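Novice: Would you mind keeping the following structure in view while I ask a few things?
The values are calculated or read from the model by the stated rules, or taken from the named source; none is laboratory data. The shown structure was predicted, so the numbers you read here are calculated from the model rather than taken from an experiment. Neighbour counts are summed over all protein chains in view; Cβ atoms, including those assigned to glycine, are modelled from backbone coordinates with ideal geometry. Side chains are part of the model used for accessible areas, which takes the heavy atoms of the whole protein and leaves out ligands, DNA and RNA. Shrake-Rupley method; radii C 1.70, N 1.55, O 1.52, S 1.80 Å.
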Amino acid sequence: MASSSSLSLASDLQLGVGGMASNPTLLCVPLVSKSVEQMVVEMRQAKANGADLVEIRLDHLANFQPRTDLEILLKDRPLPALMTYRPKWEGGQYEGDENKRFDTLLLAMELGAEYIDVELKVAHEFMSFISGKKPENCKLIVSTHNYQSTPSLEELGDLVVRIQAVGADIVKIAMMGTDITDVARMFQTLVHCQVPIIGLVMSERGVISRLLCPKFGGYLTFCTLDAGKESAPGQPTLKDLMNVYNIRQIGPDTKVFGIIGKPVGHSKSPILHNEAFRSVGVNAVYVPFLVDDLENFLNVYSSPDFAGFSCTIPHKETAVKCCDEVDPIAKAIGAVNTIIRRPSDGKLIGYNTDYIGAISAIEDGIRGSNNSGPHAVSSPLAGRLFVVIGAGGAGKALAYGAKEKGARVVIANRTYERARELANIIGGEALTLAELDSFHPENGMILANTTAMGMHPKVDETPISQHALSSYAVVFDAVYTPKVTRLLGEAESAGATVVSGLEMFIRQAMGQFELFTGLPAPEKLMREIVLRNV
Ligand code: NAP
């Protein structure tokens with residue numbers, strides 16, 4: 001599967017670098033508990049889990065008694081502390097008097113807090129209030145938040161200038177992301193900033209601003225101890241940053257890969273590809289891209305840093321049109337699930353690894369072998385009647401692949417016209433889903449479900465009735481959460497050989513890894529990772 005375009009990528013990925021230097025970006029856990037005691041416990045957990053500092057959100061504390069509570073919080077703290085006392089008018093919880101708030105922040109400084117956060121809107125007043133009393137070792141972060149949108153690059157630049165002008169040691173701008181391309185403007189702002197800067201885009205569409213922060217020189221990124229403890233939308237967990245994204249190793253030269261989809265948050269591909277990258281020592285990270293408009297995304301993230309993408313629902317078919325060149329098989333299928341940016345000229349090349357992943361899994365299932373390597377013998381699909389349920393990206397790949405292997409192909413789909421269209425293209429028959437239950441022209445047929453029916457959480461769904469399964473010798477389900485779907489369970493009871501979607505998932509990912517890196521995929525490791533995480 002390794003192509004000439006990916007082979008040249010291998011040298012670009014600095015193979016064999018193994019222990020790369022750690023970057024200077026700090027990992028900060030915001031503490032948003034209501035009690036001081038709980039915050040003290042969480043500070044210790046943050047330290048034990050590898051955080052660099054904690055942000056103590058004083059505005060979240062119930063019955064906050066500044067002097068007593070600050071002394072408890074700051075005495076024997078295991079990590080440096082950033083003290084934030086966010087007012088309601090800037091998205092926090094504090095509603096009281098401003099002078100009392102300033103008094104509290106000043107006291108925190110005097111008690112030795114390493115960082116104090118104050119809002120740009122009142123930064124001038126705060127500076128006059130403390131009138132030079134800031135201790136030498138305390139850094140002042142001046143922050144601004146926009147909970148509606150991310151402004152233009154010029155406006156972001158203006159904010160940086162205004163924050164610098166009030167005498168901040170560190171600039172902080174946190175903007176709401178309404179599209180993933182908002183993050184590109186934040187990255188540009190980080191790269192061009194001359195002073196330490198925290199620049200983050202909130203929401204799921206802004207997640208990459210948090211994951212890729214070290215690549216663009218962000219001073220720190222916020223992360224939670226556990227899911228559900230976010231102080232702002234889109235914060236990843238500390239464990240994921242460290243263990244999945246290997247954030248300490250990300251630097252300016254790290255190549256970025258990722259999965260483009262909508263939704264994408266559930267995808268296991270980041271766990272799989274990051275660990276596989278790590279195992280061969282390439283300087284690369286793989287992130288989720290929640291993309292609404294594929295063409296716009298690819299136009300904005302057009303630098304060589306963004307080296308390759310997996311494509312999933314609903315972008316596989318649009319991806320064919322967005323690539324500069326498309327591999328003939330992907331073109332014939334009409335769906336691209338892998339995009340590589342060719343290092344020599346930056347052109348986007350589209351491939352389909354679903355096809356070979358699914359077809360080889362079914363062939364090996366029939367042969368009773370689990371070996372994804374090449375086979376000299378002819379395909380066990382040749383001459384067989386092969387029924388594909390679904391006519392989307394995966395359906396097209398399966399139908400094309402089965403036909404290529406000499407099977408007679410029948411397509412059944414909820415929207416009959418799409419089944420008809422696909423059947424016409426590849427030269428097969430089309431059925432409605434209702435017709436499928438009484439379709440048994442012969443015994444020993446092969447069935448492949450490529451709809452999402454039966455996928456978690458709708459595990460009780462199945463695309464075909466149990467009695468109709470008796471005509472099938474082999475049943476494959478592209479759905480792999482759960483590992484054994486209702487369809488596969490019923491097919492096994494009916495005596496069929498069953499092939500799990502997990503096998504397709506592993507094999508399509510191996511194909512992508514080879515295209516991304518130009519290296520053979522670490523198959524044993526990738527199987528272990530998938531089995532551990534699904
Ligand atoms: P897609 O392009 O959106 O196509 C979805 C197909 O499923 C369409 O034919 C659609 O019919 C049909 N469908 C959707 N909901 C249905 C329902 N409730 N009842 C009946 N038919 C329904 O998606 P895709 O990329 O092909 O992916 C389809 C499935 O395959 C997903 O579950 C995906 O996770 C899985 N998949 C697995 C792997 C793997 O590695 N194992 C790889 C790729 C995909 P209409 O035409 O009527 O809309």
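Novice: Quick check on packing: order 413-424, 507-518 by the mean number of other C-beta atoms within 10 Å, highest mean leading.
Specialist: Result, highest mean Cβ count within 10 Å first: 507-518, 413-424.
Novice: Give me the accessible area per residue for the chain, probe 1.4 Å, as a whole number in Å².
Specialist: With the other protein chains kept in place, the chain gives 40 Å² per residue.
Novice: How would you order 469-482, 128-141 from highest to lowest mean count of nearby Cβ atoms within 10 Å?
Specialist: Result, highest mean first: 469-482, 128-141.
Novice: Still on this structure, please answer the following. Which of the three applies to the stretch 24-252, rounded, prolate or oblate, going by the alpha-carbon gyration tensor with a ≥ b ≥ c and a/c under 1.5 meaning rounded?
Specialist: Note, shape of the stretch 24-252 comes out oblate.
Novice: Also, I was wondering about something else. Carbon and sulfur: what percent of the chain's accessible surface (1.4 Å probe)?
Specialist: 51 percent
Novice: Shifting gears a bit: Counting pairs of alpha carbon atoms under 8 Å apart in space and at least six apart in sequence, what relative contact order in percent does the stretch 290-445 give?
Specialist: Over the stretch 290-445, the number comes to 15 percent.
Novice: Using Cα pairs under 8 angstrom and six or more residues apart, how large is the relative contact order of the chain, in percent?
Specialist: So the answer I get is 12 percent.
Novice: Right, another one. What shape does the stretch 356-499 take by its C-alpha gyration tensor, where a ≥ b ≥ c are the square roots of the eigenvalues and a/c under 1.5 counts as rounded, a/b above b/c as prolate, and the rest as oblate?
Specialist: Judged from the Cα gyration tensor, the stretch 356-499 comes out rounded (a/c under 1.5).
Novice: What whole number of Å gives the distance from the Cα centroid of the stretch 259-331 to the Cα centroid of the stretch 107-157?
Specialist: Their Cα centres are 37 Å away from one another.
Novice: Let me have the 222 nm mean residue ellipticity of the chain computed from DSSP H runs of 4+ only, each contributing -39500 (n - 2.57), with the sum over all residues rounded to the nearest 500.
Specialist: -10500 deg cm²/dmol
Novice: Would you mind checking which residues have amide H under 5 Å from GLY308's amide H? H placed 1.01 Å from N; only 5 or more apart, or other chain.
Specialist: Those lying under 5 Å, H to H, from GLY308 are GLY258, ARG341.
Novice: Any idea what the relative contact order of the stretch 356-499 is, in percent, if you count C-alpha pairs under 8 Å spaced at least 6 apart?
Specialist: Result for the stretch 356-499 is 21 percent.
Novice: Near the amide H of LYS255, under 5 Å away, which other amide H atoms are found, from residues 5 or more places off or on another chain, if H is placed in the peptide plane?
Specialist: For LYS255, the qualifying residues are ALA284, VAL285.
Novice: Could you calculate, for the chain, the ratio of the Cα radius of gyration to the Kirkwood radius, expressed as Rg to Rh?
Specialist: Rounded to two decimals, Rg over Rh is 1.06.
Novice: What does the charge count around ASP345 come to, taking other residues whose C-beta lies under 11 Å from its C-beta (Lys +1, Arg +1, Asp -1, Glu -1)?
Specialist: Value of the local net charge: +1.
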